[in-house]
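The values are calculated or read from the model by the stated rules, or taken from the named source; none is laboratory data. Note that the structure is predicted; figures quoted are calculated from it, not measured. Cβ: placed from backbone, ideal geometry, glycine included. Neighbour counts: every protein chain shown.
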Amino acid sequence: MLSPTTDTDPIIRFDRVNKSFGDLDVLKGLSFEIGAGERVTLIGPSGSGKTTILRLLMTLELVTPVKDPDDNGGVIWVEGKPYSHMEKGGKLHVASERYLRQRRQKVGMVFQQFNLFPNMKVLRNVTEAQVHTLKRSKEEAESKARELLDLVGLSDKVDNYPNQLSGGQQQRVAIARALAMDPDILLLDEVTSALDPELVADVLGVLRDVADTTNITMLIVTHEMGFARDVSNRVMMFDQGVIVEEDTPDKIFSDPQEVRTQDFLRAVLAE
Amino acid sequence: MNGWSNEIASEIFPMVLEGFWTVLKVTFVAGILAIGLGLVVAIAEQTAPAWVRRPLSGLMQFIRNTPLLVQALFVWYTTSLYINPEWSAFAVGSVVLGLHYASYTSESYRAGIEAIPPGQWEAATALSLPAYRTWGVVILPQMMRRSTAAVANWIIAMFKEVPVLFAIGVFEMIAQVDKYQGLHYAGALEGYTIAGLLFLAASYPVAVATRRLENRLAKSHY
Ligand SMILES: Nc1ncnc2c1ncn2[C@@H]1O[C@H](COP(=O)(O)OP(=O)(O)O)[C@@H](O)[C@H]1O
Ligand SMILES: [Mg+2]
């Protein structure tokens, strides 16, 4: 493995994970590991399953169960413990909603469409879950929120509603909202795809800061190859739910080995 | 029968007004039921287990698809025969009317809930918000903005249907005119005209207020 951290336990482990939507098998026994603190970029053509992987980690989708998971896998592990499943009587069972609710607290996600709560001011967007999920005091939550909103360059917008902000500003609030939960794992799904081109740089700048100043494990789906190159330790190229190739960003972007990777990168760079 | 008589009109006016007061009281009680129960039903239809949800949806559909008059008569006779003959027509009528309209308001609430982008639910999940917060501060406020005008329109419609309860003996305006007619063999023209004008006088400002509310909600921050 390429990551410098794989000599410790992986923070994320996909063990022969399956995911189907009806007749469509998106992931067929997908396995990979991600070390704590790693920054991994997922690239690949549309429909290759990148979003599905992130949504499985956020528990917005559930894995398609496999018979006898102890033997056959089909399980996602996080921080050394089963995540899509739970242990009961020494055996793995599909996780209950209650188990998932508790486990996913260490995972945060930033969405392509921001998904801020439109009925709450910016500050409240960032404090709400701190107070009601993490049970922080209102004062503590507010001071943390102000600190993070300052970090993303929006200290003057705390009293605005989301729809009074530009897309780039909304996305930076969404990043602050996710960080306020002190996640161990941060999932970023094409977070600049919905933005006007001139607003992309600010958002990526904030994420570069986060990558530089924290040791949060990051899974990034993006078409911003320059950004991927700068922040990630590893790039995984997906096609049809399968890892076609994985390597350091330098190797993948300057010397891709697989034809599918070469074709994909050529197509993205031509955009 | 003769033409309009001012004398009869002024004699029947206080009676019709009293009937109208009854209409307002029924509207108030049934309105609270329709607004509250409709919301409970809409939330239950999204959250309750299937063995609650299915029969509940079936019941609501049944209520929407049978006439209010039949429901009122059925409940009135069955409750007075089998449960308690002392229950007043006012109470039974208000409950039947409220339930009937709850089956409509629940649909307006449901539409409001379904119009909320899935990303709102997903963000709430990603933040591990407890269900009561997700509903209370994320979903319901956004639903309210979308459903309030529709629910207000159902309440106005309900208000105009209160006279149906005359059939089970709620002493509203028709009953009052009927009573006057029974005594004087006159007053239908005057009584129903006054009743109509009172309905108009009450529902017009409410309709205008609803329109204004609709505009204000459309311009709100979300
Ligand atoms: N909820 C869903 N229902 C049905 N099909 C889905 C659903 N979500 C994703 N898919 C399908 O799964 C495949 C992988 O999708 P996705 O993970 O979004 O790919 P990517 O993010 O790489 O573009 C696509 O064919 C997509 O149409
Ligand atoms: Mg995607």
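Within this structure, residue B:17 passes the test of being surrounded by 13 or more Cβ atoms within 10 Å (Cβ to Cβ) and touching a Leu at 6+ places or on another chain (Cβ under 9 Å). Within the range A:116-127, the set of residues being farther than 23 Å from residue A:196 by Cβ, among the polar types (S, T, N, Q) and more than 8 Å from every other protein chain (Cβ to nearest Cβ) comprises A:127 only.
For the range A:133-181, name all the residues that are more than 11 Å from chain B (Cβ to nearest Cβ), buried (at least 17 other Cβ atoms within 10 Å of the Cβ) and either under 18 Å from residue A:104 (Cα atoms) or of a type in the set (Ser, Thr, Tyr) (or both). Listed by number, the residues that qualify are A:136, A:175, A:176, A:179. When residue A:220 is tested against the conditions (1) within 22 Å of the chain's Cα centre (by Cα); (2) within 14 Å of another protein chain (Cβ to nearest Cβ); (3) not in a loop (DSSP other than H, G, I, E, B), the lone failure is (2). You will find that of A:130, A:113, A:102, the residue that is within 10 Å of chain B (Cβ to nearest Cβ) and touching a residue at least 60 places away in the same chain (Cβ under 8 Å) is A:113 and no other.
Of all residues in the range A:66-99, which are away from chain B (no Cβ under 14 Å) and among the charged types (D, E, K, R)? Across the range A:66-99, the qualifying residues are A:67, A:68, A:70, A:71, A:79, A:81, A:87, A:88, A:91. Residues in the range A:29-60 that are within 12 Å of ligand 2 (Cβ to nearest atom), surrounded by fewer than 22 Cβ atoms within 10 Å (Cβ to Cβ) and within 14 Å of another protein chain (Cβ to nearest Cβ): A:51, A:52, A:55.
Is one or more of the residues making up the range A:8-25 away from ligand 1 (no atom under 16 Å from the Cβ), more than 14 Å from every other protein chain (Cβ to nearest Cβ) and hydrophobic (A, V, I, L, M, F, W, C)? Within the range A:8-25, one or more residues are away from ligand 1 (no atom under 16 Å from the Cβ), more than 14 Å from every other protein chain (Cβ to nearest Cβ) and hydrophobic (A, V, I, L, M, F, W, C). Can you name the helices (runs of 4 or more DSSP H) wholly within the range A:39-122 that have at least 1 residues being hydrophobic (A, V, I, L, M, F, W, C)? Passing ranges, in order: A:50-57, A:97-103. Every listed requirement among (1) surrounded by 15 or more Cβ atoms within 10 Å (Cβ to Cβ); (2) within 21 Å of the chain's Cα centre (by Cα); (3) in a loop (DSSP other than H, G, I, E, B) is met by residue A:193 save one, (1).
Of all residues in the range B:174-199, those satisfying the criterion of being touching a residue at least 24 places away in the same chain (Cβ under 8 Å), more than 20 Å from residue B:22 (Cα to Cα) and hydrophobic (A, V, I, L, M, F, W, C) are B:186, B:189. The single condition among (1) at pLDDT below 95; (2) touching a Lys or Arg at 6+ places or on another chain (Cβ under 7 Å) that residue B:9 does not meet is (2). Scanning the range B:84-119 for residues being free of Cβ contacts under 8 Å to residues at least 24 places away in the same chain and polar (S, T, N, Q) gives a total of 2. Taking the numbered list (1) assigned to a helix (DSSP H, G or I); (2) more than 17 Å from the chain's Cα centre (by Cα); (3) under 20 Å from residue B:192 (Cα atoms); (4) among the aromatic types (Phe, Trp, Tyr) in turn, residue B:4 passes all entries but (1). Among the conditions (1) surrounded by fewer than 17 Cβ atoms within 10 Å (Cβ to Cβ); (2) within 14 Å of another protein chain (Cβ to nearest Cβ), residue B:169 misses just one, which is (2).
Search the range A:237-249 for residues that are free of Cβ contacts under 8 Å to residues at least 12 places away in the same chain and among the polar types (S, T, N, Q) and pair each with any residue that is within 13 Å of ligand 1 (Cβ to nearest atom) and outside any strand (DSSP E or B) when their beta-carbon atoms are under 9 Å apart and the residues are at least 6 apart or on different chains. Within 9 Å, no pair qualifies.
Determine, yes or no, whether residue B:124 is touching a Gly at 6+ places or on another chain (Cβ under 9 Å) and small (Gly, Ala, Ser). Against the criterion (touching a Gly at 6+ places or on another chain (Cβ under 9 Å) and small (Gly, Ala, Ser)), residue B:124 does not qualify. In this structure, is residue B:121 assigned to a helix (DSSP H, G or I) and within 14 Å of another protein chain (Cβ to nearest Cβ)? Yes, satisfied.
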